[in-house]
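Peer 1: The structure is given below, and queries will be raised subsequently.
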Amino acid sequence: MGVETTPTWTKLGNHASEIASKTHLKTLLKDEERTKSLTYTHNGVYIDFSRQNATVETQSMLLDLARECKVEEKIARMFQGDHLNETEDRAVLHVALRAPRDASMFDKGNNVVPGVWEVLDKIKEFSARVREGQVTGVTGKPLTQFVAIGIGGSYLGPAFIHNALENDPEALKNADGRTLTFLANVDPVDCVNALKHLDPERTLAIIVSKTFTTAETMRNARNVRAWLTKNLGDESIAKHMVAVSTNLKGVEEFGINPENTFGFWDWVGGRFSASSAVGALPLSLQYGFDIFDKFLQGMRDIDEHVSSSPLEQNIPVLMGLYNVWNTTFLGHSNCAILPYAQALSQFPAHVQQLSMESNGKGVAMDGSPLPYQVGEIDFGEAGTNGQHSFYQLVHQGRVVPAEFIGVLKSQQDVFLSEEQSSSHEELLCNFFAQPDALATGKSADELREEGVPEALIPHKTFTGNRPSMSLVLPALDAFRIGQLLSLYEHRIAVSGFIWNINSFDQWGVELGKVLAGKVRKELVRARGEGTGASDGFNHSTRAMLNMYLEHAGGVTPKEGDDIFPTQLLR
């Protein structure tokens with residue numbers, strides 16, 4: 001029997017119809033006690049659910065559903081190393097990556113925490129030596145320009161954290177004289193953009209691939225290796241490249257010193273790996289290990305909150321429950337992640353992967369088709385840019401639940417004497433106003449009172465009653481960034497626990513990779529034989545392959561020569 005057969009699920013289905021037909025947020029927000037009941041705090045984190053299409057009764061039923069789905073038990077099982085990732089028979093222990101040194105978390109009877117700290121200690125020691133100039137490049141110059149090569153979870157998490165830290169005063173001071181660049185897309189233009197401003201003599205490349213076989217990452221790694229050797233010679237590989245991987249043999253065959261390899265484990269899913277060596281190495285090189293450790297402390301703070309707080313006060317659990325409410329019971333297929341902080345401009349992209357790769361599933365844990373909708377399309381943009389992009393649809397088109405994220409104190413502020421408020425305050429004015437605009441709207445009668453011409457009233461009417469959540473952080477430093485990421489990691493896991501899906505595998509990404517390999521082999525064959533694509537593809541694909549072969553696919557290096565962007569060569 002699935003979750004949809006439980007008494008509370010049925011009650012929530014009926015209740016959703018009542019909420020949709022009989023309530024409006026304009027009315028609900030007048031109830032001060034309701035607002036207080038739907039607002040929570042934890043160690044500086046403030047979250048307000050009062051603009052959800054929900055009553056106190058709704059939340060009570062959602063909490064009953066969490067109990068019926070044994071959410072507390074599943075959280076405990078995750079922390080104790082049970083193999084919740086059943087399809088791959090793996091533990092889900094990304095929380096161990098930020099556990100205290102004296103903690104114990106087990107996989108197959110082995111305490112994994114000492115191994116985590118062994119890698120962290122190695123990163124701390126190595127990054128300090130690089131930053132102090134004890135480790136140099138092949139010409140003796142210090143390594144101050146870092147390029148992290150990885151894709152998916154090996155890119156999005158660390159890139160978001162880097163972007164969020166860049167203008168934090170403490171991190172900015174620590175990064176003085178250094179740069180960190182990310183290379184993810186296999187598109188050669190991304191490679192050129194990543195390398196064109198770097199000095200090969202001062203560059204340290206970090207290849208991030210657990211298996212050291214990820215197609216896009218290894219293609220880019222070979223491109224960067226070629227850039228280094230063409231500029232500095234073959235001996236530069238061992239001096240200018242390090243790896244985050246478990247494949248020591250592959251690393252050594254690539255030319256990297258195995259001693260400069262930093263490991264992680266199969267109980268860490270890629271999209272949950274930002275707190276592993278995947279994020280620790282590039283971010284410690286750029287900002288110093290102490291900054292990264294503060295980030296880990298922030299994640300640990302929320303880990304401890306989610307594992308110890310009762311459901312009624314558990315912020316990530318409540319976030320996950322409202323996500324299920326909006327997606328499954330109210331039928332909203334989208335969610336807008338709206339950080340009113342430019343430093344969080346890459347956070348929506350990371351949440352997009354975290355959420356959609358985790359919960360974009362069509363079958364339950366036992367493999368049976370789901371009889372209800374799960375997962376949502378996550379997108380977003382930093383405010384106020386989003387207001388001038390897609391908010392038109394959010395206000396007057398389809399209903400899109402929104403998650404607003406605000407920061408009370410800016411990392412950097414501007415206050416001109418002729419202005420009445422600072423630039424950050426101007427930003428926050430919009431942060432405070434937009435959720436109310438979505439919730440309360442503007443009626444035709446209000447427009448008539450303002451003298452709006454009758455012909456324009458339908459166009460200027462805002463129906464309101466559009467749900468949102470407001471999350472406020474006191475500041476945006478390494479600790480708070482860690483808190484934010486951990487909140488969303490757990491929010492997404494809780495939704496999956498309710499939906500009875502495996503949020504920790506990602507079989508959906510495999511088929512396209514297999515077909516791309518088939519295409520690659522066919523292009524090589526057709527180009528070598530001077531023929532068109534074979535009949536092994538459908539008519540549409542074959543036509544596009546032949547178009548490519550005719551117009552661009554025939555460009556190949558002469559034997560022994562490479563085609564390489566000249567602007568990258570000195």
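The values are calculated or read from the model by the stated rules, or taken from the named source; none is laboratory data. Please read all numbers here as calculations on a predicted model, not as lab measurements. In this analysis, Cβ positions are derived from the backbone assuming ideal geometry, glycine residues included, and neighbour counts consider all displayed protein chains. The protein model used for the area step is the full one, side chains on, heavy atoms only, and it has no ligands, DNA or RNA in it. Shrake-Rupley method; radii C 1.70, N 1.55, O 1.52, S 1.80 Å.
Peer 1: Can you give me the Cα centroid spacing of region 1-29 and region 208-243 in angstrom?
Peer 2: 54 Å
Peer 1: Moving on to the next point. What is the Cα centroid distance between region 432-483 and region 56-97, reported in whole angstrom?
Peer 2: If we compute the Cα centre of each part, the gap is 34 Å.
Peer 1: Which percentage, to the nearest 5, of the DSSP beta bridges contained in the chain is antiparallel?
Peer 2: Of all bridge pairs located within the chain, approximately 30 percent are antiparallel.
Peer 1: For a protection proxy built on the mean count of beta-carbon atoms within 10 angstrom, sort 303-312, 197-206 highest first, please.
Peer 2: 197-206, 303-312
Peer 1: Could you do me a favour and compute the accessible area per residue for the chain, 1.4 Å probe, result in Å²?
Peer 2: On a per-residue basis, the chain sits at 44 Å².
Peer 1: Right, here's the next one. Under 16 Å Cα-Cα from Lys230, which aspartates and glutamates qualify once same-chain neighbours fewer than 8 residues away are excluded?
Peer 2: Output for Lys230: Asp199, Glu201, Asp561, Asp562.
Peer 1: Just check region 145-236 against the gyration tensor rule for me: Cα atoms, a ≥ b ≥ c as the square roots of the eigenvalues, rounded for a/c under 1.5, and otherwise prolate or oblate depending on whether a/b exceeds b/c.
Peer 2: Judged from the Cα gyration tensor, region 145-236 comes out oblate (a/c at least 1.5, b/c at or above a/b).
Peer 1: Oh, and also: Going by average Cβ density within 10 Å per residue, which order do the peptides 408-414, 167-173, 327-333, 365-371 take, highest to lowest?
Peer 2: 327-333, 167-173, 408-414, 365-371
Peer 1: Sticking with this one: Take the cross-link list Lys74/Lys249; Lys141/Lys196; Lys11/Lys108; Lys122/Lys361; Lys11/Lys442; Lys74/Lys124 and give me the ones stretching past 29 Å between alpha-carbons.
Peer 2: Long pairs (Cα-Cα over 29 Å): Lys74/Lys249; Lys11/Lys108; Lys122/Lys361; Lys11/Lys442; Lys74/Lys124.
Peer 1: Something else: Pull up the cross-link candidates among the aspartates and glutamates for Lys22, meaning alpha carbon to alpha carbon under 18 Å and not fewer than 8 places away within one chain.
Peer 2: Of all the aspartates and glutamates, those that pass the test against Lys22 - Cα under 18 Å, at least 8 places apart if same chain - are Asp31, Glu57.
Peer 1: Here is a further query. Which whole-number percent of Cα pairs in region 408-509 have a distance greater than 22 Å?
Peer 2: Above the 22 Å cut-off, region 408-509 has 62 percent of its Cα pairs.
Peer 1: Further question: What distance in nm separates the two pseudo spin-label positions at Gln134 and Asn14, each 7 Å out from Cα along the beta-carbon direction?
Peer 2: Reported label-point gap for Gln134 and Asn14 is 7.0 nm.
Peer 1: Moving on. Counting only other residues whose beta carbon sits under 14 Å from that of Ser333, what net charge do I get with K and R as +1, D and E as -1?
Peer 2: Charge balance near Ser333 sits at -1.
Peer 1: Note down the net charge around Leu65, summing +1 for each Lys or Arg and -1 for each Asp or Glu among other residues with Cβ under 15 Å from its Cβ.
Peer 2: So the surrounding residues net to -3.
Peer 1: Here is a further query. So what is the calculated 222 nm ellipticity per residue for the chain, using -39500 (n - 2.57) for each DSSP H run with n of 4 or more, over all residues, to the nearest 500 deg cm²/dmol?
Peer 2: Taken over the chain, the calculation gives -14000 deg cm²/dmol.
Peer 1: In addition: Which of the trypsin sites (Lys or Arg not before Pro) found in region 1-96 are in a DSSP loop and have at most 14 neighbouring Cβ atoms, other than their own, within 10 Å?
Peer 2: Lys30, Lys70
Peer 1: Give me the percent of accessible area attributable to carbon and sulfur for the chain, probe 1.4 angstrom.
Peer 2: The C+S portion of the solvent-accessible surface of the chain is 51 percent.
Peer 1: Apply the a/c threshold of 1.5 to the C-alpha gyration tensor of region 354-408 and tell me whether it is rounded, prolate or oblate.
Peer 2: Judged from the Cα gyration tensor, region 354-408 comes out prolate (a/c at least 1.5, a/b above b/c).
Peer 1: If the cut-off is a Cα-Cα distance under 21 Å, which lysines reach Lys521, setting aside same-chain residues fewer than 8 apart in sequence?
Peer 2: Lys513, Lys558
Peer 1: List every residue whose amide H lies under 5 Å from the amide H of Phe264, counting only residues 5 or more places away in sequence or on a different chain, with H placed 1.01 Å from N in the peptide plane.
Peer 2: Counting only residues 5 or more places away or on other chains, the set is Ser245, Thr246.
Peer 1: Rounded to the nearest Å, what's the spacing between the alpha carbon centres of region 251-292 and region 340-419? Just the number, please.
Peer 2: That distance is 27 Å.
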